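The values are calculated or read from the model by the stated rules, or taken from the named source; none is laboratory data. As the structure is a computational prediction, the values presented were derived from the model and not from experiment. All Cβ positions, glycine included, derive from the backbone under ideal geometry; neighbour counts span all protein chains shown.
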Amino acid sequence: MRKTTLVNSLTPIAVVLVLASIYGFWYKRSRGKIRNVERPAEGALTADILGEPLGQRATLVQFSSAFCTPCRATKALLQNVVAEMNDVHHIDIDAEAHLDLVRKLDIRSTPTTLFLDSRGIEVGRAVGAPRRDQVTSALSALR
């Protein structure tokens, strides 16, 4: 009788641990990956909307928040990558100060980086902190 009670009380804990582990693995794998996005040309982002000029080849638009540690690392990475390319521009937008734009673009967490082509059309998106090689390969696809 006592063994059954112990098994019954440990079963919910085991289930929660398994589900939390599955979620943790999924979350870790999905953060920072750059996924391709297909947006219509009517949804292009302009310099007027973003508050800064677009790059000749590409623009990286990063949505950040003040207390986001990965946002600072992502900003440093993107600025470093852009410093090597004269035809790519990086724009850092405070998500809290631009809630209308956040809602319009469906930004759900920070950091989120949008990859725009020369026309301001979103062609890629990274939720979380991307790696340098991911950013450079995504930009090289925009030639």
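Tabulated data for the structure shown
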quantity	calculated
The lone exception for R119 - which of (1) surrounded by fewer than 13 Cβ atoms within 10 Å (Cβ to Cβ); (2) over 12 Å from L45 (Cβ atoms) it fails	(2)
Members of the range 132-143 that are surrounded by fewer than 20 Cβ atoms within 10 Å (Cβ to Cβ) and in contact with a Lys or Arg (Cβ under 9 Å, 6 or more places away or on another chain)	Q134, L142, R143
Number of the exception - T110 against (1) closer than 15 Å to I34 by Cα; (2) in contact with a strand residue (DSSP E or B) (Cβ under 8 Å, 6 or more places away or on another chain); (3) not in a loop (DSSP other than H, G, I, E, B)	(3)
Residue within the range 51-66 that is part of a helix (DSSP H, G or I), surrounded by fewer than 17 Cβ atoms within 10 Å (Cβ to Cβ) and either at pLDDT below 95 or small (G, A, S) (or both) present	no
Within the range 90-100, considering residues that are in a helix (DSSP H, G or I) and more than 15 Å from the chain's Cα centre (by Cα), the one surrounded by the most Cβ atoms within 10 Å (Cβ to Cβ)	E96
